[in-house]
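First the structure, in the form of structure tokens, and then the observations on it.
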Amino acid sequence: MSDNSSGTTVDDDEVEGSSAPLLEHLTELRARLIWGIASLLVAAIVCFLFAQPIYNFLLRPLVHVAEVSRGDTDFNLIYTGPMEVFFAQLKLSLFAGVFLAFPFIAWQIYAFVAPGLYKNERGAFLPFLVAAPMLFVIGGTFVYLVMLPLIANFSLSFEQAGGNGIAEIESQIRVSEYLSLVMALMLAFGLSFQLPVIVSLLGKADLISSGTLKTGRKYALVGILAFAAFFTPPDIISQIMLAVPVMILYEISIWCVVLIERARLREEEERDAAE
């Protein structure tokens, strides 16, 4: 180990030179995390100011089904705890805040990762960054327009009118329980609709092939059915309504990987021809 004129060793210089970029990356990561958390807090506060209109918007499918089935507008929700509505609005604000702040958070992630990518890799990553929130919104919209009315019809179908020795059965849905159901369904469908993005990224990184996906169809079907049974209410209709779109997305994912493999093969052929 040799000493230089300043009295420090060569190995010490190498350690200091390698630690400086690491400290810079950690500092940048901390700044990105702070900006991401700050944006989430601001978005959650904004959503809390509009928590009641947002909750009423999520209630529309249930209220509409109740109006059609009952023929009146007297459908009510209940709460059994003194702070239940407040905590439900707080949870809803954070949930909606994630949606509102996601574009900024995603950009912070991309801005941190992009300097370490080649130009063509950055160009390939951007479409997935745009597709992920779009697919999540599509999944949430599917829940709102299709799943919630179906579940509302199913749950309210157990009501019965009383009289003549028959007890009246009326739904008493809690505020927090309905919100938990909506959030669970939107998360389940939003994450499920990310399947083409995840599989395409794996195919882009050459970690999975279209042949593997094709031969694994039956295992994927079992996994999708188990996922649907876990995240949806315990009725076969809801499970099928989740499993069928996800299976279609699985087939779309196969074709995405096929297109990626064809593009990679074309690039290799052009490279070989140029050599």
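The values are calculated or read from the model by the stated rules, or taken from the named source; none is laboratory data. Because the structure is a prediction, the values reported are computed rather than measured. Here the Cβ is made from the backbone with ideal geometry for all residues, glycine too, and neighbour counts use every protein chain on show.
State whether one or more residues within region 166-185 are within 30 Å of Val258 (Cα to Cα) and not aromatic (Phe, Trp, Tyr). No, that holds for no residue.
Evaluating Phe86 against the criteria (1) at pLDDT 90 or above; (2) under 24 Å from Leu150 (Cα atoms) leaves one unmet condition, (2). For the structure I just gave you, tell me whether Leu90 is without any contact (Cβ under 8 Å) to a residue 60 or more places away in the chain, part of a helix (DSSP H, G or I), touching a helix residue (DSSP H, G or I) at 6+ places or on another chain (Cβ under 6 Å) and under 30 Å from Ala31 (Cβ atoms). Here the answer is no, as Leu90 does not meet what is asked. The criterion of being of a type in the set (A, V, I, L, M, F, W, C) and under 18 Å from the mean Cα position of the chain (by Cα) holds for Leu249.
Of the residues Ala114, Ala124, Ala96, Ala101, the single one that is modelled with pLDDT of 80 or more, farther than 20 Å from Leu181 by Cβ and either crowded, with 16+ Cβ neighbours inside 10 Å or among the hydrophobic types (A, V, I, L, M, F, W, C) (or both) is Ala101.
Which residue is modelled with the lowest pLDDT, if the candidates are limited to region 60-83 and must be part of a loop (DSSP other than H, G, I, E, B) and surrounded by 13 or more Cβ atoms within 10 Å (Cβ to Cβ)? So the residue we want is Phe75.
Residues that are touching a residue at least 12 places away in the same chain (Cβ under 8 Å), hydrophobic (A, V, I, L, M, F, W, C) and either within 24 Å of Val175 (Cα to Cα) or buried (at least 19 other Cβ atoms within 10 Å of the Cβ) (or both) within region 42-53 comprise Ala43, Ala44, Ile45, Val46, Cys47, Phe48, Ala51, listed in sequence order. Taking helices (runs of 4 or more DSSP H) as the structural unit, those lying wholly within region 159-275 and holding at least 2 residues that are crowded, with 17+ Cβ neighbours inside 10 Å, in contact with a strand residue (DSSP E or B) (Cβ under 9 Å, 6 or more places away or on another chain) and in contact (Cβ under 8 Å) with a residue 40 or more places away in the chain correspond to 175-192.
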